[in-house]
Structure formats: structure tokens, C-alpha cells
1. Whole-Hz Karplus ³J(HN,Hα) for region 265-280, in order, using 6.51 cos²θ - 1.76 cosθ + 1.60 and θ = phi - 60°, x for Gly and Pro?
2. For a footprinting-style exposure proxy, rank Ser160, Ser60 by other Cβ within 10 Å, fewest first.
3. Enter the Cα centre distance for the pair region 166-242 and region 276-315, rounded to the nearest angstrom.
4. Taking a 30 Å limit on the Cα-Cα distance, which of the listed pairs Lys255/Lys359; Lys232/Lys255; Lys88/Lys180; Lys173/Lys195 fall beyond it?
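Read-outs: derived from the displayed coordinates by stated rules, not from any lab. Every value quoted in this text rests on a predicted model; they were computed, and no experiment measured them. Glycine gets a Cβ as well: all are built from the backbone with ideal geometry, and neighbour counts include every protein chain shown.
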Amino acid sequence: MTTAALDTNGWHEVEQTLTALELPPVPPTSDPQRLLGYVLHILPRYTEMEMMSTHLRLYSSTLEQDMEQIKSHVRLLTREAANEREKKQFLERYAAQVVKERNDLLHSRGSSKKKASAGASHFVWHNCCKKNTRHAMDLAPSILAFRGEKLQEATKQIESLQEEVRNQEQLRKELDFLLKKTQREHDSKVAAERKHIQQLEKQILQRSTLYSSLERKLYEVESMLARHDKTKDEELNVVSNRIEEAQTRIGGLEKENASLHEQVSGLSSDRDRLMELLEETTESKDMFAERIDELMGKCESLESEVEALRSEIDMLQTNDINDIRTQYAARIELLQKDNAANEQRLRQEVDRMKQELKKRDDAQAQTFSVHQSME
């Protein structure tokens, strides 16, 4: 009953400690921090309890040694008491023998001299002879009286030793009872603590397994993060390379843009020059048109002159007129050929100028479209 009460009190203290530490009675399997706190704060208590059990075990061994010493002392006292008992018995037998011899000497029917000499000490040893007090008593100490006093002292000493032996035996029995009780309580407490420590070791093993799995997962996560960082670094390197390429390309495009600006400025100057040339061409075209008009007027006047000459030829039917007509006809044909050649050359010149103007307009349109797309 006492062991169960002590065990209950111990578990109650453990529960109070766990409650004070804000930990459940059974450590959690999913919180390494709380498990660490449990191990750091609860296991030292069990270590202290184990040390206390070791201390109690050493104390019990010390008590056993003390009990062995007490037992040896009790055995020594027992032997001394036996020796004193033997001495008492010897003294009692010796005293009985002395008394018997004395009685024999006092009550013998020997000589009266012996009775007279023994009468003085006869009253000391025998109550039956103390009939009156008028007889003188032998008060001198004798060996027999000394032996009686020693016998009484030995008897008292033997009684005190026996009492001490009984007390020592009772003390030994109480110590044995207390030792067995303490041993039983200690064994039950150690068994409970050992069982609880085994449970804790099992839980710690589970936690270590959990820690190993968590460490493995942590290693996997770290390796994944390392791979992710490596991939990210590679991507950053690629992006930086692309940025450098883009910057290089932007520099080239800026240079190209500057060259295009120069080209645009050159094209603008060309455009201005072409506009001036166009104006000049338009003026020349107008001049050519006026000249063509003049040539057409001359052609018409020549045709009218030819018609007049033909009418004259028709009127004149003579050989001279025929000759003149032949000359005029040759002259007319020459004039027509010159007129056709002039018209053909003028048309070619106009076509060439139109093609040049068309090419320049197309080039300017392409330049303007490129400039607008770049802007």
C-alpha cells in the first residue's frame, strides 16, 4: 500500500512537471522542439531518480554492512553471555558445594571443638540458626561472602547483557523490517522508473526515427533547393548573357539608328536636291512642251506649206514643176523625218525623266517607310 502511494505520488509529480513545462504526459510525435524540451527537462529528473536509487542501494548496502557488524557484535555478546552463564552456573554449583560443605561442617556430629569454633560463623550462613540476636555474628568478610557478591554482580551483568541482547535483537528485527520495506519500495519505484524510462527510450527511438526521416526530407528539400538555385543561376546567367547580347544589339541598333539618321539627313538633302531637280525638270518639261508646241506649230505650218506646194504641183503639170515637186517632196520627207526624229527624241527624254522621277519617288517612299518603322 505504501509503495503504491509513493509510486502514485511520483507519477503525480511527473505530471505536474510536465504540466508546468506545458508538455503532455506522452511527448508529441510531430513537434521536435517540444520533444527536445521534454528530453532536456524530464530526462534529467529520471537521471536524478536513478542516482537516488543508486544512493539508496548504496545506503542499503551500508545498512547491510552495519547489520552484519551488529550481528557480529550480537554474536560476540551472545558468546560473552554464554560464558557468563557458564560462569554463573559454575559459581552457583561452587556456592552450593561450599554451602553444602559448610552445612556438613556445622551440622556434623564431630567434636565439640569443631562446633565451638564454627559456631561464630554458623549464624551468617543459615537462617535456621538465627533464633535470637544475642548470639554474636561473624561480620568479617570471608571468601564465601566475596564469592556471593561476585556472583550477584555477575548475575546483574548477565541480566543487563541479556536485556541489551534482546534490545539489539529487536533493533535488528526492526532494521530488517525497515530494510526490507525500503528495498521493496525502492524495487517497486525502480521498476516503475525503469518501465517509464523504457517507454521514454522507445519514444526517443521513435523521435530519432522521426528526426532521421525529417533530416532525410530536409536533405531532399535542401538538394531540391540547391538544384533550384543552380537552375536559377543558370537561368540568370542565360538572362544576363541575353541582356548583354540585347545591350550589344541595342548598341548596334543605336549605331544603326545614328547611321539611319545620317542617311535620313542625307535622304532629306537628296530629297531637297531632287525637289530642286524636279522643279528644274518641271521647268525643262515646260520648256520642252513649249518647244514641242512650237515644233507642232512649225509642223502645221510646214504641212500647210506642203499642201500649198502640192496644190501648186497639181496646178503645174510641167516637167519643171515635176522636178520642183520632186525637190519639194524630198524636202518635205526630210522635214517629216526630222520632225519625227525630234518627236521621238523628245518622247524618249520625257520617258527617261519620268522613270528617273519614279525611281527617286520609290526610293524616297521606302526611306520614309523605314524611318517611320524605326521611330
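1. Coupling constants for region 265-280: 4, x, 5, 4, 5, 4, 4, 4, 5, 5, 4, 4, 5, 5, 4, 4 Hz.
2. With the sparsest Cβ surroundings first, the list reads Ser160, Ser60.
3. Region 166-242 and region 276-315 have Cα centres spaced 124 Å from each other.
4. Details: Lys255/Lys359 28 Å; Lys232/Lys255 33 Å; Lys88/Lys180 39 Å; Lys173/Lys195 32 Å.
Going by Cα-Cα distance, Lys232/Lys255; Lys88/Lys180; Lys173/Lys195 fall outside the 30 Å limit.
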